[in-house]
Amino acid sequence: MNFSKKSQEHLDACRFCWMCRHICPIGNATGQERNTSRARALGLSLVSRGAVEYSEDIINNVYECALCGACVKECVTGWDPVMFTKEARLGAALDGKLPPYVLKMVQAALESGNIYGAKLDEKLAGKIRGLGKSKTLLFLGADARYKTPDNAGEAIDLLQKLGADFTALENEPDSAYGLDFLVGATSETKAAAETCAATLNGYKRVVCYDPADAKTFKREYKEWGVDVKYSVLTFTEYLDIILSDKKIKKSDLVFTPQDSPILARDLEETEPVRRILSKIGSVSEMLLNRRDTMLAGNLVMNEYMPAVMERVAADRWINAKNVGAKILVTESPAEYALLKKTKPADLDVLTIEEAIAKCL
Ligand code: SF4
Ligand code: SF4
C-alpha cells in the first residue's frame, strides 16, 4: 500500500523512537511491544518501502490501536501515529484486505445502519416515541442505542425531569463514527455522513450523547466537506447550560471524572463535567486527568478484542484505586460499559446523568 508523503514522514520519525511506549493503554494492557506506536510504525514503514507484504499480521496490528491519541499528546516532536494508523486502515479497505472481523462490522453498517447489526431495544424505542417535536435533537449514537440502551433511556429521563425542550429519533441515522474508526474516509463512510447530515440539517441544534459522535460531526464532517447546518453540543455541555441557573443541594458525594480521550484531547472539553460535579458534590482527580487521561474502553474494539478491552478498563480501575477515588463518572457509553463490567466491588461508576439524578 502507498502512504501519503505526510504519513511516510511520520512513520519514519516514529519507527526508531519508543519514547511514548509507557502511555499506550493497549500496550500497557497487553504488555507487548507490538502495541506501541513505534512498533506499528516499523511494520508499516517496511510495507511502505515494499520490503514486506501488507500482511494479515501487520493489518491486525493496525486494528489493535484505539486511536486514543495518548501517544500524539505525549510526542514532544509532534508526530502523529493516529494519522498513519487511520491511513493504514483506509489502505487495507481500498486494497480489499480488511480482516473478517472488520468486514463484518462494515457490512453490518451498510446493511442495517449500525456496525453492530443490532435492533433498537423496544423499551428505548418506546421512550423515544413518547417525545414531542423540537428543534433540539438528542443524538444517542450507536454505542448507547445498541450497547447501553438503559443509559440512553436514563439520559432521556433526566432531560425530561429537567424540563429540557428536545426530541430524539427512533430511526436515528448512523453518524459514521464506527465506519470512520474502522476504515477511515472511504466513499461509503462519506456517503453515510451525507445521509446523516441530510436528516440532522432539519434541526437547529444537535446534542450528542456520545462524545465520539460530537467529534465526528465537528471534526470529520468538516474535513470531508459534509454540509452541516446545525450546531453541535456535547451532552455534558448541554447539561451544564441547563443546570447553570438551577439550584441543587450539594451532596456529600465525591466524584472523580474519567475524562474521555475524545472529549479531552480531540474536542478539548474538560471543564463542563467538573462544573456540574462541583455543583452536585465535590471533585477529586485521577492522577492522569484532562488531556493526560487514559482510555478506559472502546466498544468497537470490544467486538474483536474483548479480553484486552477488559484489561484496559481494569487498568483504569487500578489508577482510580491508587488515588483513593470512590465514584468514577464517565461521559462515554463505551467507557461506562467496560468500567461497569470490570468494576471492583468497593468502587462505583456512574454516567454523568446518573450522578446528577442521584443528587436531584
Ligand atoms: S509518537 Fe512521538 S514519542 Fe511516540 S514513537 Fe512516535 S516519535 Fe516517538
Ligand atoms: S493512539 Fe492510543 S492506542 Fe493507539 S498507539 Fe497511540 S496511545 Fe496506543
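Quick notes
- Prolate/oblate/rounded call for the stretch 215-307, Cα gyration tensor, a/c under 1.5 rounded: oblate
- Think of each Lys and Arg Cβ as +1 and each Asp and Glu Cβ as -1; about the Cα centre, that makes the dipole of the stretch 249-359 roughly 360 debye.
- This model, with +1 at the C-beta of Lys and Arg and -1 at the C-beta of Asp and Glu, gives the stretch 160-279 a dipole about its Cα centre of some 700 debye.
- Prolate/oblate/rounded label for the stretch 73-122 (Cα gyration tensor, a/c 1.5): oblate
- 29 Å Cα-Cα threshold exceeded, pairs from LYS86/LYS123; LYS127/LYS229; LYS6/LYS147: LYS86/LYS123; LYS6/LYS147
- Extension gain, ALA125 to GLU53, is 21.2 nm, computed as 0.36 nm per intervening residue step minus the present C-alpha separation.
- With 5 Å bins beginning at zero, the pair-distance distribution over Cα atoms of the stretch 249-359 amounts to 2, 13, 24, 26, 20, 10, 3, 1, 0 %.
- The overall shape of the stretch 5-97 is prolate: from the C-alpha gyration tensor, with semi-axes ordered a ≥ b ≥ c, the ratio a/c is 1.5 or greater and a/b exceeds b/c.
- Gaussian network model of the chain, Cα within-10 Å springs - most flexible of ARG129, ARG21, ARG275: ARG129
- Residue by residue, the stretch 217-230 carries 3J(HN,Hα) couplings of 5, 7, 9, 5, 4, 4, 5, 7, x, 7, 6, 10, 9, 9 Hz when phi is fed to the Karplus relation 6.51 cos²θ - 1.76 cosθ + 1.60 (θ = phi - 60°); x denotes Gly or Pro.
- No Cys partner within the rule (Cβ under 4.7 Å), the chain: CYS14, CYS17, CYS24, CYS65, CYS68, CYS75, CYS196, CYS208, CYS359
- For PHE139, the residues whose amide H sits under 5 Å from its own are VAL207, CYS208, TYR209, ignoring neighbours fewer than 5 places away on the same chain, with H placed 1.01 Å from N.
- At q = 0.06, 0.08, 0.14 Å⁻¹, base-10 log of I(q)/I(0) for the chain (Debye sum, equal scatterers on each alpha carbon): -0.21, -0.38, -1.19
- Sequence ranges 326-334, 120-128, 240-248, 214-222, ranked by mean other-Cβ count within 10 angstrom, highest first: 326-334, 214-222, 120-128, 240-248
Each reported figure results from applying straightforward, stated rules to the coordinates on display, with no laboratory input. Just so you know, these numbers come straight off a predicted model, no measurement behind them. No Cβ is skipped: glycine too gets one built from the backbone with ideal geometry, and neighbour counts run over all protein chains shown.
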